[in-house]
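The values are calculated or read from the model by the stated rules, or taken from the named source; none is laboratory data. All values derive from a computational prediction rather than experimental measurement. Here the Cβ is made from the backbone with ideal geometry for all residues, glycine too, and neighbour counts use every protein chain on show.
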């Protein structure tokens, strides 16, 4: 089993991101961008907002020319092209909400990740430097069978499975930067195949 951190590609000059134009929150947060990030409740648990019932497509701009399958908003809010959604739908739909955007360069969807895993990290083995994690160690049983997720307390980080990575590569999707952060000690692929 292997876990990857998903980030947008920043080194390809042909691929740009989206910028948000209408930043009014739907949930009473300070900004719309905060609606897409997990938040800590008064009892100490982490929660995600469900946005689909209140969603009206927002307009995004930027230098994106329609050739990026993962442009993101502000480098942290996932945005997928229609082509990427078609290729990855069976991974994305069970783990979040695909919300349409109004973009001048094509059909795009912002992705509200709703799969939030508590106790995913083996805190004893995970190595940190301050607030930053420098070596991830996951509890295999916590992430088994989950293809797209966030972890309690790690607000913007988005993690994906080997199967997700394989499909994106197979379909030649552009704009994805997959950073392998953990592989199970026994090398098995339990839960991700």
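Restricting to segment 141-157, count the residues that are surrounded by fewer than 19 Cβ atoms within 10 Å (Cβ to Cβ) and over 14 Å from the mean Cα position of the chain (by Cα).
Going through segment 141-157 one residue at a time, the tally reaches 5.
Looking at 169, 160, 165, which is the one that is crowded, with 18+ Cβ neighbours inside 10 Å and assigned to a helix (DSSP H, G or I)?
Result of the check over 169, 160, 165: 165.
Could you say whether any residue in segment 79-93 is closer than 16 Å to residue 33 by Cβ, surrounded by fewer than 21 Cβ atoms within 10 Å (Cβ to Cβ) and in contact with a helix residue (DSSP H, G or I) (Cβ under 9 Å, 6 or more places away or on another chain)?
Within segment 79-93, not a single residue is closer than 16 Å to residue 33 by Cβ, surrounded by fewer than 21 Cβ atoms within 10 Å (Cβ to Cβ) and in contact with a helix residue (DSSP H, G or I) (Cβ under 9 Å, 6 or more places away or on another chain).
This table checks each residue for (1) touching a helix residue (DSSP H, G or I) at 6+ places or on another chain (Cβ under 9 Å); (2) at negative phi; (3) modelled with pLDDT under 95.
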| site | (1), (2), (3) |
| --- | --- |
| 123 | no, yes, yes |
| 135 | no, yes, yes |
| 155 | no, yes, yes |
| 165 | no, yes, no |
| 175 | yes, no, yes |
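Looking at segment 126-140 only, could you name the residues that are out of contact with any strand residue (DSSP E or B) (no Cβ under 6 Å at 6 or more places or on another chain), exposed (fewer than 12 other Cβ atoms within 10 Å of the Cβ) and either more than 26 Å from residue 36 (Cβ to Cβ) or touching a residue at least 24 places away in the same chain (Cβ under 8 Å) (or both)?
Result: 129, single match.
If residue 68 meets every condition in (1) modelled with pLDDT of 95 or more; (2) more than 13 Å from the chain's Cα centre (by Cα); (3) within 16 Å of residue 8 (Cβ to Cβ) apart from one, which number is that one?
Looking at each condition in turn, residue 68 falls short on (1).
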